[in-house]
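Each value in this text was obtained by applying a stated rule to the coordinates, not by laboratory testing. The structure displayed is predicted, hence computed values, not measured ones. Virtual Cβ from ideal backbone geometry, glycine too; neighbours counted across all protein chains shown.
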Amino acid sequence: MTKAEAKRIELIGQLLRAESTVALATTDQLGAPSVAPLFYFVDGELNLYWLSSTKSAHSANLIANPVAAASVFRHTERWKEICGVQMRGRVEAIADPERRKELVKVYCKRFGLGSVLRLAIGRATLYQFQPEWFRYIDNSKRLGYKFEVVRNR
């Protein structure tokens, strides 16, 4: 990896670590799109994790088609401050109980959940989004400034 590529990955990681909500886009069996806002956390490999009910539309969509698009961006009301990342990749449910336990701990700590929602969390599915493509946008540099990163897994 070149220094320029490493810097790009770091910019993406900084934004993903600073924010807390991802807009996740999935499609149903007929190809109709759906978008859901979800709390997430990101790991060192830029994978995103969230908890969802299996009854939610996006969870049902992911069972049928485990490919998704996602967007994370800073809240702003000025176009010159728009900064965000768009992603595409695969999603999988975390089935391994030990891995799930450790990741749920991180999720609960990130959002200050403690044991308040223990029952709901126990029933929820933990998902991992593995982005394969990123587009980073930062209008503070100039209108339309962007770069793309493709990762082969």
Calculated FRET efficiency for the pair Ala57/Glu148, C-beta based, R₀ 35 Å, to 0.05: 0.75
For region 77-147 versus region 1-64, the gap between their alpha-carbon centres in whole angstrom: 5
Proximal lysines to Lys146, defined as alpha-carbon separation beneath 17 angstrom and excluding residues fewer than eight positions away on the same chain: Lys7, Lys80
Mean residue ellipticity (222 nm) of the chain, computed from DSSP H runs ≥ 4 via -39,500 (n - 2.57), nearest 500: -8500 deg cm²/dmol
Highest average packing first - 128-136, 103-111, 142-150, Cβ atoms within 10 Å: 128-136, 103-111, 142-150
Spin-label pair Leu30/Thr2, simplified geometry with 7 Å Cα→Cβ offset, distance in nm: 4.7
Taking all pairs of distinct alpha-carbon atoms in region 63-153, Kirkwood radius in angstrom: 15.7
Gain upon complete extension [Ala18, Leu113; 0.36 nm per residue less C-alpha separation]: 32.4 nm
Separation in nanometres of the label points that stand 7 Å from Cα toward Cβ, at Ala120 and Trp79: 3.8
Proximal lysines relative to Lys55, as straight alpha-carbon distance under 29 Å, when same-chain residues fewer than 8 apart are discounted: Lys101, Lys105, Lys109
Cα-centre dipole for the chain with unit charges at Cβ (Lys and Arg positive, Asp and Glu negative), debye to 20: 280
When region 3-141 is reduced to its Cα atoms, the Kirkwood hydrodynamic radius in Å: 15.8
Extreme residue, positive dipole direction of the chain, given options Ala93, Tyr49, Ala60 (C-beta unit charges): Tyr49
